[in-house]
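Taking it in order: structure first as structure tokens, then the write-up.
Since every read-out is calculated from the coordinates, none of them should be taken as a lab result. None of the values given here were measured: they were computed from a predicted structure. A quick note on method: Cβ atoms are made from the backbone with ideal geometry, for glycine too, and the neighbour counts reach across all protein chains shown.
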Ligand SMILES: NC(=O)c1ccc[n+]([C@@H]2O[C@H](COP(=O)([O-])OP(=O)(O)OC[C@H]3O[C@@H](n4cnc5c(N)ncnc54)[C@H](OP(=O)(O)O)[C@@H]3O)[C@@H](O)[C@H]2O)c1
């Protein structure tokens, strides 16, 4: 049993020459999609990166038309409605992008025998307990965003057998806004910052995740995977490490989530068990502290 999705006898494709493939990446201007395209091109793969200006995921017929035109051999679906708090006020739009558009893409992949990777999130879990969530654990999202991303998982699973669902957490990359960039900006003007200390998870650097996703494209094994940088911390610990690595003088004042009300409820425990990667023979990502160091070096 694989969480909500009971994957049948393992569907595995033999290692192939991905240089002869066309890989479609959605959300190519987003944090993760940008680095997936970069890594694919580094591996000399024909990568077609698409974003809102190519077609709007709110338009189901435009999605189908684009897929028929591009004729990909593999789809990496990174695009999503990622505004977690705004989703509470726009549940229909979040559902359209995260659930229905994902179903459309998966239906095309299923009908054409194409492999698909769907990027999902730790927010499908309710954050109870302290143990890392395994892929066998049953999701129970707390927010509209989490519900709609889980809807994408279920829709993709129903439509496409050659499917890898990759749940990640706390993403940071060069191309877009994220917690690291926000902390660096605030540290320029604020001597002290209140940061939540009772949500625990793993930061994930898009460059490391992109490398894993490209390994998965080279040797796909159907299933659900959890993928994040090694280790875990609170947002407050993460902020302290960002300031330590950049020699910023800002002090972190750890506060509970209850002192920092947000529209969407976040899971307290976002730890993800990574053992599924070992089982399928994929290489884990480095520790989040090392990933942060590389990210900061690249930003310079
Ligand atoms: N960020 C995180 O901390 C985090 C954590 C766990 C999982 N994830 C998942 O990881 C994946 C990548 O996240 P990310 O941080 O790279 O996201 P991101 O930076 O917000 O990028 C999302 C991309 O999707 C595009 N998009 C949104 N709505 C669209 C629409 N209607 N039509 C076409 N494109 C649309 C966005 O374009 P616009 O800029 O034009 O809107 C953007 O390029 C997502 O599936 C997300 O759910 C993210």
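Key figures for this structure:
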quantity: Nearest-ten-degree value, helix 101-111 long axis tilted from longest Cα axis of the chain; calculated: 30
quantity: Chain lengthening between residue 249 and residue 284 when straightened (0.36 nm per residue, less Cα-Cα); calculated: 9.3 nm
quantity: For region 229-300: relative contact order, % (alpha-carbon pairs under 8 angstrom, 6 or more apart); calculated: 52
quantity: Proportion of all alpha-carbon pairs of region 21-159 beyond 19 Å (%); calculated: 51
quantity: Share of alpha-carbon pairs per 20 Å distance bin for the chain, given as whole %; calculated: 35, 58, 7
quantity: MRE, 222 nm, helices only [DSSP H, n ≥ 4, -39500 (n - 2.57), over the chain, to nearest 500]; calculated: -10500 deg cm²/dmol
quantity: Relative exposure of 166, 45, judged by other C-beta atoms within 10 Å (fewest first); calculated: 45, 166
quantity: Cα-only Debye scattering, region 252-300: base-10 log of I(q)/I(0) at q = 0.18, 0.22 Å⁻¹; calculated: -0.92, -0.94
quantity: Three-way shape label, region 1-92, alpha-carbon gyration tensor, a/c 1.5; calculated: oblate
quantity: Per residue convex hull volume, Cα atoms of region 226-271, in Å³; calculated: 106
quantity: Full-stretch length increase - residue 260, residue 175 - with 0.36 nm per residue and alpha-carbon distance subtracted; calculated: 27.9 nm
quantity: Among beta bridges that DSSP assigns inside the chain, antiparallel share in %, nearest 5; calculated: 10
quantity: Percent of beta bridges antiparallel (DSSP, region 143-235, rounded to nearest 5); calculated: 25
quantity: Per residue, the convex hull volume that the Cα atoms of region 164-300 enclose (Å³); calculated: 113
